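Some notes on the structure that comes next.
Nothing in this text is a laboratory measurement; each read-out follows from the coordinates by a stated rule. A quick note: this is a predicted structure, and the numbers were derived from the prediction, not measured. Here Cβ is always computed from backbone atoms with ideal geometry, including for glycine, and neighbour counts include all displayed protein chains.
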Amino acid sequence: MDIHAKPIVDGVLWIVEQGGVRVGTLHKKENNHYMFSTKHGEMFFNRRSDLVKQFGKEFFLKDIDTTVSKVENYDCHGYPTKWKPHKSMYNIRKRLPLFTKSDQSKSLFCAGYYVIKFPKNWVRTFCPKLITIERYPYSGPFKTEEEAKEALSNVK
């Protein structure tokens, strides 16, 4: 079964794909249970190990990709990204290093680490989309993951 969960918000939200096609989303709930939502309904799992048992040991892509994603590091106005920045710019008013992932893309991403307040809780994230930063309160950018972890512990 070629089904994988790609992290969107580290440890909280994943896009689930099968054969490269999106089939649903996976959310980690406040009680540390998991909810897998598809167009056919929802499935609940009590533990991460239950998901791995159901879908296979390589279900969580982060577990597969960690060495690959750390190999290539790029820089956008002094802040880290894991993608080569295209159309890089700096928003002086908001103090945000911005970039696109390709020359044709219109989606702007913010370089660096951020702490974002979603409706239920604060989450640490890396290179979020600009639209996410505009919609929710945030703190950042931070140059290192440790700075973002410290900021997250301060806001909680």
Beyond 27 Å (Cα-Cα) in this structure, taken from LYS57/LYS143; LYS6/LYS84; LYS6/LYS129, we find LYS57/LYS143
In nanometres, the difference between 0.36 nm per residue of separation and the alpha-carbon distance of MET43 and ARG93 is 13.6 nm
Hey, got the Cα dimensions of the stretch 80-127 along the principal axes, in Å, largest first? 35, 23, 19
State, to one decimal in nm², a quarter of the convex hull surface area for the C-alpha atoms of the chain, i.e. the direction-averaged projected area. 10.3
How much length, in nm to one decimal, is gained on full extension between HIS86 and TYR136, taken as 0.36 nm per residue of separation minus their Cα-Cα distance? 15.5 nm
In Å and from the alpha-carbon atoms only, list the Rg and Dmax of the stretch 3-68. 11.1, 34
Inter-label distance for LYS106 and MET35, nm, one decimal - labels placed 7 Å from Cα along Cα-to-Cβ: 3.2
In whole angstrom, and with the biggest value first, how far do the Cα coordinates of the stretch 72-155 range along each principal axis? 36, 25, 22
Order these peptides, 149-156, 75-82, by their mean beta-carbon neighbour count within 10 angstrom, highest first. 75-82, 149-156
Expressed in nm², what is the orientationally averaged projection area of the convex hull enclosing the Cα positions of the stretch 1-41? 3.1
